[in-house]
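Following: one structure in structure tokens, then a few remarks.
The values are calculated or read from the model by the stated rules, or taken from the named source; none is laboratory data. Since this is a predicted model, take the numbers as computed values, not measurements. Please note: Cβ atoms are built from the backbone with ideal geometry, for glycine as well, and neighbour counts cover all protein chains shown. Each accessible area value is taken on the protein alone, full model and side chains, heavy atoms only, with ligands, DNA and RNA left out. Shrake-Rupley method; radii C 1.70, N 1.55, O 1.52, S 1.80 Å.
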Amino acid sequence: MGALARALLARRSARTGPDQLRVRCKDGARTAEAAGKTDDLELQLEAARLHVVDVLESGDLAAAAEAEQQAEDLVGRLGRPLYFCYPPMWRAMHALAVGDYGAADPLIERFRSDARRANYGAVDQVWLAQRMRLQLDTDGAESVLPFAEHWAEQLPQSWSSAPALLHALEGRQEESRRHFAVSAADDFAHVPRTLSWAYVMAQLAEVAALLADADSARALRRHLAPWAHQAIVVSSGALYLGSGAHYLGLCLRTPR
Amino acid sequence: MDELTSAVAANERAGARGLAARSMVELASTLRLHGEDSAARAIADRAACLATELGMSCLVRTLSSAPRERS
């Protein structure tokens, strides 16, 4: 059964696109079942973690909460500090998704402290993505602008979309355009094809709409079209951006 | 407009209430662009209720600054 679970996980890594979501969801349940019949808890956690992402992408937050609970149980049973940051990260993501902002705030900080303790590589970037979402939904995101600018300087292709959005929301169009241009070059070809690609493109769609940049909106619409019928999720479930149709709708509305 | 209508429905179905409120705001704005002021007002009112309930201050401010919603 361990071999089957590993084979299914390997196959999943080649099926990451939105057009393969249905297959991933189906395989994910099989993978979790096969892994569950072994005594390899790390294998079980890997299967559970990826299943969380797939279920989130299918836009079923209730099913995702169940999958998260199973994954959290495995984190507890494994007892390895490396994985302790996943539960607060998922809970913060969930709280942000359902609009429970009071709960999200301490969970975001808890994630950061657990992840730093475990030397989790992307801790500050995940923290920024969650914190920025919280601030955008509540009091405004000026407080996270210095962090967004910092990461845009460090990893321009991955993070320029963040200050582009924050400046655009405040009406600072020139600064926004400067950051936006970094990502928009060559038909957005340099936006890294990581698990955060759709997140970056969704942010860029928001910026294109705010800047009334019709050409970019048209290009982004083409890139984001495959996400029309599923949700956009960051990384291993760090953030749930909701229906991809929202971002397509923004692109379509931008004047031609 | 179809995409934003779908987004509202999908986000509501998922229980993603804050995201649903955001999609409603964008849908209302699109409806206004199409001259459908009455439908826009109805959606914006729903968004405002949700945003207020959830404490989405930024969204509430955006809604209260949209002049045609108050007419």
### Message
Looking at segment A:67-74, can you tell me whether even one residue there is acidic (Asp, Glu), outside any helix (DSSP H, G or I) and not assigned by TED's automatic domain parsing to the domain that holds A:Ile232?
### Response
no
### Query
Which of the following residues is in contact with a Lys or Arg (Cβ under 6 Å, 6 or more places away or on another chain) and aromatic (Phe, Trp, Tyr): A:Trp151, A:Trp127, A:Trp197, A:Trp159?
A:Trp127
### Lone unmet requirement of (1) touching a Gly at 6+ places or on another chain (Cβ under 9 Å); (2) of a type in the set (Ser, Thr, Tyr); (3) within 22 Å of A:Cys85 (Cβ to Cβ) for A:Ser236
(1)
#### Entry: Unique match (being surrounded by fewer than 19 Cβ atoms within 10 Å (Cβ to Cβ) and closer than 22 Å to A:Ala48 by Cα) among A:Ser196, A:Ser235
A:Ser235
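Any idea which of A:Arg15, A:Arg116 is open to solvent by 70 Å² or more (accessible area, probe 1.4 Å) and farther than 25 Å from B:Glu53 by Cβ?
Numbers: A:Arg15 fails: open to solvent by 70 Å² or more (accessible area, probe 1.4 Å).
Answer to the check: A:Arg116.
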### Message
Return the pair list, or none, for Cβ contacts closer than 7 Å from residues in segment A:184-213 that are in the same structural domain as A:Arg172 (by TED's automatic domain parsing) and in contact (Cβ under 8 Å) with a residue 40 or more places away in the chain to residues that are surrounded by fewer than 21 Cβ atoms within 10 Å (Cβ to Cβ) and among the charged types (D, E, K, R), at least 6 apart or on different chains.
### Response
A:Ala209/A:Arg253; A:Leu211/A:Arg177
## Note on the structure
Going through segment A:100-113 in order, the residues found to be surrounded by fewer than 22 Cβ atoms within 10 Å (Cβ to Cβ) and either outside any helix (DSSP H, G or I) or aromatic (Phe, Trp, Tyr) (or both) are A:Asp100, A:Tyr101
### Message
Quick test for you: out of A:Gln135, A:Gln130, A:Gln154, A:Gln173, pick the one residue that is within 20 Å of B:Arg22 (Cβ to Cβ), polar (S, T, N, Q) and open to solvent by 20 Å² or more (accessible area, probe 1.4 Å).
### Response
A:Gln135
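Among the residues of segment A:86-99 satisfying the criterion of being part of a helix (DSSP H, G or I) and free of Cβ contacts under 8 Å to residues at least 40 places away in the same chain, which is surrounded by the most Cβ atoms within 10 Å (Cβ to Cβ)? Can you show your working first?
Step one: list which residues in segment A:86-99 are part of a helix (DSSP H, G or I), which gives A:86-98.
Applying the additional criterion that residues be free of Cβ contacts under 8 Å to residues at least 40 places away in the same chain yields A:87-88, A:91-92, A:95, A:98.
Numbers: A:Pro87: 20, A:Pro88: 21, A:Arg91: 21, A:Ala92: 29, A:Ala95: 21, A:Val98: 20.
Across segment A:86-99, the extreme among qualifying residues is A:Ala92.
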### Message
Restricting to segment B:34-61, count the residues that are at the interface with chain A (Cβ under 10 Å from one of its Cβ atoms) and among the hydroxyl-bearing types (Ser, Thr, Tyr).
### Response
1
### Task
Would you mention how many residues in segment A:216-234 are farther than 24 Å from A:Ser176 by Cα and out of contact with any helix residue (DSSP H, G or I) (no Cβ under 7 Å at 6 or more places or on another chain)?
1
## Note on the structure
Across segment A:24-33, the tally of residues that are crowded, with 16+ Cβ neighbours inside 10 Å and farther than 23 Å from A:Trp227 by Cβ stands at 2
#### Entry: Test: B:Leu31 is more than 20 Å from A:Leu224 (Cβ to Cβ) and more than 8 Å from chain A (Cβ to nearest Cβ)
yes
#### Entry: Neighbours by Cβ (under 7 Å, 6+ apart or cross-chain): first from segment A:131-157, within 14 Å of another protein chain (Cβ to nearest Cβ); second modelled with pLDDT of 95 or more and open to solvent by 60 Å² or more (accessible area, probe 1.4 Å)
A:Leu134/A:Asp105
### Task
For segment A:34-41, indicate whether the set of residues that are closer than 28 Å to A:His229 by Cα, in a helix (DSSP H, G or I), open to solvent by less than 80 Å² (accessible area, probe 1.4 Å) and not assigned by TED's automatic domain parsing to the domain that holds A:Gln230 is non-empty.
no
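If I go through segment A:32-58 residue by residue, how many of them are under 30 Å from B:Ala7 (Cβ atoms) and touching a Lys or Arg at 6+ places or on another chain (Cβ under 7 Å)?
Residues of segment A:32-58 under 30 Å from B:Ala7 (Cβ atoms): A:32, A:48-58.
Checking which are touching a Lys or Arg at 6+ places or on another chain (Cβ under 7 Å) leaves us with A:50, A:54.
Of the residues in segment A:32-58, 2 are under 30 Å from B:Ala7 (Cβ atoms) and touching a Lys or Arg at 6+ places or on another chain (Cβ under 7 Å).
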### Summary
Among A:Leu50, A:Leu21, A:Leu8, the single one that is modelled with pLDDT of 90 or more, surrounded by 13 or more Cβ atoms within 10 Å (Cβ to Cβ) and more than 26 Å from A:Gly244 (Cα to Cα) is A:Leu8
